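The values are calculated or read from the model by the stated rules, or taken from the named source; none is laboratory data. Bear in mind that the values here come from a model prediction, so they are computed numbers and not experimental data. Here Cβ is always computed from backbone atoms with ideal geometry, including for glycine, and neighbour counts include all displayed protein chains. All accessible areas refer to the heavy atoms of the entire protein, side chains included, with ligands and DNA or RNA removed. Shrake-Rupley method; radii C 1.70, N 1.55, O 1.52, S 1.80 Å.
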Amino acid sequence: MFIVSKLWNHFHEQEEVKPAFMKTLTNLNLSYLDLYFMHSPMGTKLHKDQSEAVESSDVDYIDTWKEMEKLVDEGLVKAIGVSNFSVAQLERLLSACRIKPAVHQVELHPYLTQPKLVQYCKTNGIVLTAYSPFGSPDSPFVQCDKQRLLEDPVISAIGKKYGKTNAHVLLLYHVQRGVTVIPKSVCPERIIQNAQIFDFSLSDDDIKTLEGLNRNWRSAKWDVSGLPSHKFYPFKED
């Protein structure tokens, strides 16, 4: 079993990183984690009135990362990574860190191909992990779109050609790009089905067709609580 958790945005202050991590260990009744992510480069804090609203924090993600490096030094976690960083932010982090991020976790699928980010991670030896590979169709936090990724007719046509589901096509698309992928499901049968992607291959033309669907569309709602104005908002490059 490989245990992974994340540092939430509210705990980016240097003095808050280890306590937040230790709370996770206590809750899981573990002595260490295999991998610990910084959820995003944006530090936030709860609104003063303790409502669900959040305020931006000016804490630098570099300082947060240095505290995460100490967790590795202490043997509390085997590897550390980041999530939802831009290429520029990764470059800045690599220029300042002692321990390179082992993994970068981002939303990735044919509607959001991010070729520059994919290539950057490959070049610098950072494992890239795709979350929301199906566009998170059942999530309440998904932005409205006229057409669901999982129902796209172009993807359906490719699946039909191989006798495979749209989900199979979307998952293999990542695997053949050298990207690890983490589909979410609570259905045991669906989890087993999602793993059945190694008995066929997508052609180069299939990959080009899928990449041609790119529209820089993010399923996750990042335009809430004033986040686009955050000092370290990562999606300005889009």
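Would you please name the residue that is surrounded by the most Cβ atoms within 10 Å (Cβ to Cβ), looking only at residues in region 221-231 that are in a loop (DSSP other than H, G, I, E, B) and not polar (S, T, N, Q)? Steps first, please.
To start, the set of residues in region 221-231 that are in a loop (DSSP other than H, G, I, E, B) comprises 221-226, 230-231.
From what is left, the residues that are not polar (S, T, N, Q) are 221-224, 226, 230-231.
Working: K221: 14, W222: 18, D223: 12, V224: 11, G226: 13, H230: 22, K231: 13.
Checked region 221-231; the qualifying residue surrounded by the most Cβ atoms within 10 Å (Cβ to Cβ) is H230.
P153 fails exactly one of the following numbered conditions: (1) at pLDDT 95 or above; (2) within 30 Å of K100 (Cβ to Cβ); (3) not charged (D, E, K, R). What is the number of that condition?
So the condition that P153 fails would be (2).
Quick check, is L46 exposed (fewer than 15 other Cβ atoms within 10 Å of the Cβ) and more than 25 Å from A130 (Cβ to Cβ)?
Working: exposed (fewer than 15 other Cβ atoms within 10 Å of the Cβ): yes; more than 25 Å from A130 (Cβ to Cβ): yes.
Against the criterion (exposed (fewer than 15 other Cβ atoms within 10 Å of the Cβ) and more than 25 Å from A130 (Cβ to Cβ)), L46 qualifies.
How many residues are out of contact with any Gly (no Cβ under 7 Å at 6 or more places or on another chain), of a type outside the set (A, V, I, L, M) and in a helix (DSSP H, G or I) if we restrict to region 111-137? Before you say what the answer is, go through the steps one by one.
Of region 111-137, the ones out of contact with any Gly (no Cβ under 7 Å at 6 or more places or on another chain) are 112-121, 123-137.
With of a type outside the set (A, V, I, L, M) added as a condition, the list becomes 113-116, 119-121, 123-125, 129, 131-137.
Narrowing the set further to residues that are in a helix (DSSP H, G or I) leaves 115-116, 119-121, 123.
Residues meeting the conditions: 6.
Residue by residue, here is whether (1) assigned to a loop (DSSP other than H, G, I, E, B); (2) out of contact with any Pro (no Cβ under 9 Å at 6 or more places or on another chain); (3) among the hydroxyl-bearing types (S, T, Y) holds:
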site: H168; (1), (2), (3): no, yes, no
site: H174; (1), (2), (3): no, no, no
site: I197; (1), (2), (3): yes, yes, no
site: L210; (1), (2), (3): no, no, no
site: Y233; (1), (2), (3): yes, no, yes
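Identify, from the list I155, I126, the residue that is more than 30 Å from E67 (Cβ to Cβ), open to solvent by less than 20 Å² (accessible area, probe 1.4 Å) and in contact with a Leu (Cβ under 8 Å, 6 or more places away or on another chain).
I155
Applying the selection to region 5-32, what residues are in contact with a Gly (Cβ under 8 Å, 6 or more places away or on another chain) and assigned to a loop (DSSP other than H, G, I, E, B)?
H12, E13, Y32
Would a scan of region 93-110 turn up a residue that is open to solvent by 10 Å² or more (accessible area, probe 1.4 Å) and part of a strand (DSSP E or B)? Don't jump to the end; show me each part of the working.
Start the filter on region 93-110 by keeping residues that are open to solvent by 10 Å² or more (accessible area, probe 1.4 Å), which leaves 94-100, 102-103, 105.
Next, only the ones that are part of a strand (DSSP E or B) stay: 103, 105.
Scanning region 93-110 turns up at least one residue that is open to solvent by 10 Å² or more (accessible area, probe 1.4 Å) and part of a strand (DSSP E or B).
Which of the numbered conditions does N194 fail, given that it passes all the others? Conditions: (1) under 16 Å from S132 (Cβ atoms); (2) in contact with a Ser or Thr (Cβ under 6 Å, 6 or more places away or on another chain).
Condition not satisfied by N194: (2).
Specify which of the listed residues (R190, R218) is part of a loop (DSSP other than H, G, I, E, B) and surrounded by 11 or more Cβ atoms within 10 Å (Cβ to Cβ).
Details: R190 fails: part of a loop (DSSP other than H, G, I, E, B).
None of the others qualify; the one that does is R218.
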